[in-house]
C-alpha cells in the first residue's frame with residue numbers, strides 16, 4: 001500500500017497506486033491501479049516529521065507520482081530545504097513532464113542531486129504505445145527526457161525486457177543513444193512477475209539469458225556513447241560473464257528468493273537472486289555454477 | 001584467498017596498501033604467514049585484513065562487487081572531464097622571484113578580449129558542469145581589465161556551467177576597486193607566502209626594489225577589509241631549509257590556518273639557479289619533517305593549521321577518497337583534468353606545460369583557441385601521450401610501489417629534467433615517497449591525538 005517506506009537512511013515515498021499508463025507488464029494488478037489509493041493526508045503534509053533526520057536517499061515512486069504534482073512539489077521543496085545533501089530518485093513515466101507548465105515548476109526545484117528514471121519500451125511509438133496501452137505516451141516520455149536533460153538532474157532510461165519488445169531491444173538502445181538529449185544511464189530491467197506481468201506471463205515471459213543475449217549489442221552501443229549501463233534484477237547465471245560488471249543488486253532484500261538449485265552454486269554469494277514472485281512461478285531456468 | 005595489494009619494507013616490518021587506500025603494518029613474520037595463507041582465520045589480525053579487503057573467502061565475483069564502489073570512490077576523478085581552466089592572462093610580473101617558472105625572458109604579452117572570449121567559448125565543450133577558471137600570470141593583476149572581462153562575461157557565455165573563479169596573485173596591486181570586485185563576484189584569492197619578511201623578500205624580490213612582503217601584506221589587509229580571506233602557498237628554497245619553524249609561525253602570525261609546503265621544481269629560473277637555491281630530496285624531507293612537527297605542535301596547543309600535502313594524502317589513506325589534485329592522480333590531470341591558456345591563445349596540457357613553453361619549448365601544446373577546439377585538444381597525440389605516460393598502473397617501478405594508491409607522476413617534470421615524459425624524475429619520486437614515509441611514521445606510531453588531528457585534516461579538503 002502507498003505510504004512512507006523507511007529503511008535506515010533510505011526513504012521511499014510510495015505516492016500512489018494510480019497511473020495514467022496501463023502497461024501490460026506492470027507488476028501491479030489492474031484492480032490495484034484502478035483503486036488508486038495514495039499516501040495518507042498526514043504523510044503528504046507531515047512526512048518530514050515521520051522520517052529520520054539522517055536520510056541520504058529518497059525514492060519517489062508510484063503508480064505515477066506526477067499525477068499528484070500539486071501535492072508532490074511542496075514535498076520536493078521540503079526535501080531540498082531539509083535534506084540538501086540527499087539524493088532524490090524519481091520513478092516516473094515522464095508523461096506529465098511533457099506539459100510545459102508542469103515542467104517549468106519542476107525545473108525550479110531540480111538540483112543535480114535529482115535523478116529521473118523513465119521507462120522506454122521500444123524504439124518507436126507503435127511498440128512503446130502498444131505496451132503502455134496509452135497512445136501518445138512514447139512521444140510524451142521522449143519530450144520529458146529532452147526537457148530533463150536541459151536541467152541539472154541525471155536522466156536514466158529503463159528498458160523492461162520481455163517477449164513483446166525483445167526483437168526491438170537493440171534498436172531501442174540505439175534510438176536512445178541517438179536522442180538529442182543528455183541520457184546518463186540506461187538500465188535493462190528484468191520483470192517482476194506479479195500483478196499484470198504474472199497474469200500476462202504467457203504473452204511476456206522470455207528467459208533472462210535470452211534477453212541478455214538479445215540486448216548485448218545495444219549495451220555495447222550505450223557504453224560507446226559514454227552512457228552508464230546496468231542490468232537490474234538479473235541472477236548471475238543468466239548473464240554472460242563479460243557483462244557481470246553491469247549487474248546491479250537491485251532487488252529489495254525482502255523480495256529476494258533463491259530457487260532450491262542455487263544451494264549448489266559456488267557463486268551464490270555474488271548473486272542478487274530473483275524476485276520471489278518470479279521464483280515461485282518457476283519460469284526461469286537456473287544454471288548453478290558447480291566448478 | 002589473497003586480495004590485490006601492494007607491499008614494501010617499512011622500518012622493521014612490512015607495509016601493505018590497497019587500491020582503496022586502506023593499509024596494514026605487519027611484522028615480517030606475520031607478513032610471511034599471511035601471504036603463505038597460514039595465518040589462522042580466527043585471529044583478529046586476519047579478520048582486520050579481511051575487513052579491509054586484503055584477503056577474502058567466498059567467490060571472486062562477490063569480492064569484486066564488495067570492492068567496486070570503494071575503488072570508484074578512490075578514483076572518482078576518472079568520471080570527471082576537464083574542470084580546471086588556467087588563464088595565464090599575462091606573463092608580465094612586478095616581482096622577480098628567484099625560482100620563477102612562468103617567465104623565461106621571452107616576449108611580454110597580455111591576453112586580449114578576443115583571445116579571452118574565444119577561450120571561454122571553447123570551454124563550453126567540456127562535459128564537466130562545474131568548472132574553475134583560475135587566473136595566473138605573471139602577475140594577473142597587471143592585466144586586471146581582462147580578469148574583469150572574463151569574470152563578467154564567462155557566465156553569460158556559458159549559461160549551463162557552474163563557474164568558480166580563483167586568482168593567484170602577489171597582491172601588490174590590490175586596490176579597493178579590485179577588492180570590492182572580487183567580493184561582489186566571489187573570486188577567491190590565493191597568494192604566495194614563503195616565510196618571514198627576510199626570506200620572502202629574498203625569494204620574491206620586487207622589481208622596483210621595494211619589499212614584496214610589505215606590499216603583499218598591504219594587499220591582504222585591503223582584501224580583508226572587504227571580507228575576503230586569502231589562501232597562501234609556500235615554495236621551499238635552500239634558504240628556507242634551516243628555518244621551518246619560522247616559516248610555520250609566519251603563517252600562524254598572519255592568521256593562515258593552512259600551509260602548503262611545496263618543494264622547488266627544477267624548471268625555469270629555478271633550474272638556472274639550482275646551485276644557489278636548490279637542494280637534495282633528503283634535505284627537503286628533513287625540512288618537511290621538522291615543519292610538520294611544528295604544525296602538529298601548534299595544533300595540539302589549540303591553533304588549527306593544516307598542511308595541504310598531508311591533507312591530500314591523508315584523505316586517500318584514511319578515507320579512501322580521491323581528491324582531484326592534478327599531480328597526485330593516475331593518469332595525471334594534464335589535459336583531461338586541466339588546461340592552461342596563454343595570452344596568445346595557445347592551449348597547453350597544464351600550468352607546467354605552459355611553463356616549458358615560456359622557456360621556448362612547445363612540447364606540451366594542445367592547440368590554439370582560434371584554430372581548433374576542446375575535442376581536438378583532448379584527441380591530440382600530446383594529450384594522449386601525457387595520459388599514458390602518467391598512468392601509474394603501466395609504469396615499471398610505480399605499478400607495484402607500496403605508495404601507488406596515493407601517488408602520481410608528472411610527465412612535464414620528467415621531460416624537463418630527464419628529457420623523456422616517461423623517465424621518472426628521481427627527485428620528485430624521492431620527495432613524495434619521503435612525505436608518505438613521514439605520514440606513515442605517525443600513522444603506525446598511532447598516537448591518539450595525532451590520528452585524531454590527521455583525521456580532521458583528511459576531512460578538511
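The values are calculated or read from the model by the stated rules, or taken from the named source; none is laboratory data. Since the structure is predicted, the reported quantities are computational estimates derived from the model, not experimental observations. FYI the Cβ positions are ideal-geometry reconstructions off the backbone, even for glycines, and counts take in every protein chain you see.
Annotations
- Among the residues of the stretch A:112-150, those identified as assigned to a loop (DSSP other than H, G, I, E, B), within 14 Å of chain B (Cβ to nearest Cβ) and either buried (at least 21 other Cβ atoms within 10 Å of the Cβ) or touching a strand residue (DSSP E or B) at 6+ places or on another chain (Cβ under 8 Å) (or both) are A:112, A:113, A:149.
- Residue list for the stretch A:8-42, restricted to those being assigned to a strand (DSSP E or B), more than 16 Å from the chain's Cα centre (by Cα) and surrounded by fewer than 19 Cβ atoms within 10 Å (Cβ to Cβ): A:10
- Restricting the stretch A:273-290 to residues that are within 19 Å of residue A:243 (Cβ to Cβ) and in contact with a strand residue (DSSP E or B) (Cβ under 7 Å, 6 or more places away or on another chain) leaves a set whose member that is nearest to the other protein chains (Cβ to nearest Cβ) is A:273.
- Extreme residue, surrounded by the most Cβ atoms within 10 Å (Cβ to Cβ), among residues of the stretch B:248-270 that are part of a helix (DSSP H, G or I) and within 20 Å of the chain's Cα centre (by Cα): B:248
- Matching residues, the stretch B:198-229, being assigned to a loop (DSSP other than H, G, I, E, B) and in contact (Cβ under 8 Å) with a residue 60 or more places away in the chain: B:204, B:205, B:207, B:208
- Remark: pairs (first residue in the stretch A:98-127, on the phi > 0 side of the Ramachandran plot; second residue exposed (fewer than 15 other Cβ atoms within 10 Å of the Cβ) and not in a loop (DSSP other than H, G, I, E, B); Cβ separation under 7 Å; 6+ apart in sequence or on different chains) are absent.
For (1) modelled with pLDDT under 90; (2) more than 14 Å from every other protein chain (Cβ to nearest Cβ); (3) surrounded by fewer than 18 Cβ atoms within 10 Å (Cβ to Cβ), each residue gets a yes or a no:
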site	(1), (2), (3)
B:19	no, yes, no
B:28	no, yes, yes
B:38	no, yes, yes
B:51	no, yes, yes
B:62	no, no, yes
B:69	yes, no, yes
B:79	yes, no, yes
B:90	no, yes, no
B:101	yes, yes, no
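- Qualifying residue in the stretch A:80-92 (condition: within 22 Å of residue A:140 (Cβ to Cβ), assigned to a loop (DSSP other than H, G, I, E, B) and touching a strand residue (DSSP E or B) at 6+ places or on another chain (Cβ under 7 Å)): yes
- Restricting the stretch A:29-38 to residues that are closer than 19 Å to residue A:66 by Cβ and in contact with a helix residue (DSSP H, G or I) (Cβ under 8 Å, 6 or more places away or on another chain), the residue that is modelled with the lowest pLDDT is A:32.
- The condition of being outside any helix (DSSP H, G or I) and at pLDDT 95 or above does not hold for residue B:315.
- All of A:46, A:68 fail the test of being part of a helix (DSSP H, G or I) and modelled with pLDDT of 95 or more, apart from A:68.
- Residue that is nearest to residue B:458 (Cα to Cα) [pool: residues in the stretch B:1-12 that are surrounded by 12 or more Cβ atoms within 10 Å (Cβ to Cβ) and free of Cβ contacts under 8 Å to residues at least 60 places away in the same chain]: B:5
Condition check ((1) farther than 28 Å from residue B:315 by Cβ; (2) without any contact (Cβ under 8 Å) to a residue 12 or more places away in the chain) across all residues:
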site	(1), (2)
B:346	yes, no
B:393	no, no
B:397	no, no
B:402	no, no
B:406	no, no
B:420	yes, yes
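- Applying the condition of being under 22 Å from the mean Cα position of the chain (by Cα) and not in a helix (DSSP H, G or I) to the stretch B:446-461 and asking which residue is modelled with the lowest pLDDT yields B:461.
- Filtered residues of the stretch B:230-247 (kept if touching a residue at least 24 places away in the same chain (Cβ under 8 Å) and assigned to a loop (DSSP other than H, G, I, E, B)): B:230, B:236, B:237, B:241, B:243
- Close pairs (7 angstrom Cβ cut-off, 6 or more residues apart or separate chains): away from chain B (no Cβ under 13 Å) and farther than 20 Å from residue A:283 by Cβ in the stretch A:247-272, at pLDDT 95 or above and part of a loop (DSSP other than H, G, I, E, B) anywhere: none
- Neighbours by Cβ (under 8 Å, 6+ apart or cross-chain): first from the stretch B:126-140, more than 14 Å from chain A (Cβ to nearest Cβ) and touching a residue at least 60 places away in the same chain (Cβ under 8 Å); second surrounded by 19 or more Cβ atoms within 10 Å (Cβ to Cβ) and part of a loop (DSSP other than H, G, I, E, B): B:136/B:89; B:136/B:102
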